[in-house]
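Take a look at the structure set out below.
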Amino acid sequence: MSWLDDDDDLDDEFEDYDESSIRTRPNPKANRPRTKRRPAHEDAQTGRVLGVDRGRYTVLLDEDTDDEHVISSVRARELRRMPIVTGDQARVVGDTSGDEGTLSRIIGIADRTSLLRRSADDTDQVERVIVANADQMLVVVAAADPEPRARLVDRYLVAALDAGIRPLLVVTKTDIADPTEFLAHFDGLDLRVFTSALEEMPIDEIGAALVGHSTVFVGHSGVGKSTLVNALVPTAERATGHVNQVTGRGRHTSSSTVSLRYHGELGTGWVIDTPGVRSFGLGHVDPANILAAFTELAEIAENCPRGCTHLADAPDCALIEAAERGELSETGRARLDSLQRLLQTFSDKAEQTPGR
């Protein structure tokens, strides 16, 4: 028998053999095999996240068009570790009709232009994301009841600068107390200030500053922030509270962060109302950015030696030398004290950090 005859025998043996004859491992669940390839979601729509409530996201689609509407969404499983916050531009798929009972899915977040964050305290590395894509921060503080806290406002300013957000300041309840002494603390800063009394709220003036911007409102509980929001956006219906006469603290009324559209004679903008806070940790902030929040001191600090900490015991610090020569005003010295307190906090944190 020749090798050709052997070949004929092989043809006979495998005559009825095809790919269906290959034995495969049984798949009892009959599910599709896993793959790392994800769908492209070319049909995804992008919308603004207006609010978050117990895992459900309110998203505005087709903004500023005749088809503008609101939908309810949940996050995709692969985004479970990514914070999705008010102000985010979210990519959504699924039922985006907005009809009652429908639910879509967030499958991605567009690049953010800014991110406002805070931590529980200055030594806490766990940060809480407050809002995304805001370009202004309106700090609301009362002239009295509760008493204004200049150092808390300083922290807001530092956080705003670190996020690349322009700060504004509103002082409410000026019919109760004169805010002049408090406002002197911020002399020299590039900070626009509005004053507001109960019967004389500068709604038009503040509203004009909101047009074309996404502005996050922040402030201590009880300072009148929700009252101001309701005056600017009559449909907001944000709950308002009062100040405890025993503790001097305001009661938390706004429990969530929400975006509201402002409509004014000059145009529209976005008001982002946040819950009142009594502290604002800066554990996430780069200490190098803090000095820039104190504009007038930053100019003097340009004459400091390289690597200067600007702390009270820093050698050859131009800020300290200027204060000793009497070149800083009383307000300037108060500002320097505030700056040094913040910088000292970060210095202490660095010493407590293992491996440093």
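Readers should treat all values here as calculations from the given coordinates under stated rules, not as data from a laboratory. Not measured: the values here are computed from a predicted model. Cβ: placed from backbone, ideal geometry, glycine included. Neighbour counts: every protein chain shown.
Which percent, nearest 5, of DSSP beta bridges in the range 45-109 are antiparallel? Spell out each step's value before the answer.
Details: 19 of 22 bridges.
Around 85 percent of the beta bridges assigned by DSSP in the range 45-109 are antiparallel ones.
In nm, to one decimal, how far is the residue 298 label point from the residue 54 one, both placed 7 Å along Cα→Cβ?
4.4 nm
Kindly rank 224-230, 149-155, 196-202 from highest to lowest mean number of other beta carbons found within 10 Å of each residue.
Details: 224-230: 23.3, 149-155: 19.0, 196-202: 14.6.
For the peptides 224-230, 149-155, 196-202, the packing ranking is 224-230, 149-155, 196-202.
Once amide H atoms are placed 1.01 Å from N in the peptide plane, what residues at a sequence separation of 5 or more from residue 272, or on another chain, have their amide H within under 5 Å of its amide H?
215, 216, 217, 260
What percent of all Cα-Cα pairs in the range 287-352 falls in each 5 Å bin, counting up from 0?
Histogramming the range 287-352 at 5 Å steps yields 3, 18, 31, 29, 13, 4, 1, 0 percent.
Expressed in nm², what is the orientationally averaged projection area of the convex hull enclosing the Cα positions of the range 45-109?
4.0 nm²
Starting from the Cα of residue 181, step 7 Å toward the Cβ, then list every residue of the range 312-330 with an amide N under 20 Å from that point.
329-330
Tell me the label-point distance for the pair residue 72, residue 263, using the 7 Å Cα-to-Cβ offset, in nm and rounded to one decimal.
Using points 7 Å along Cα→Cβ, the separation is 2.5 nm.
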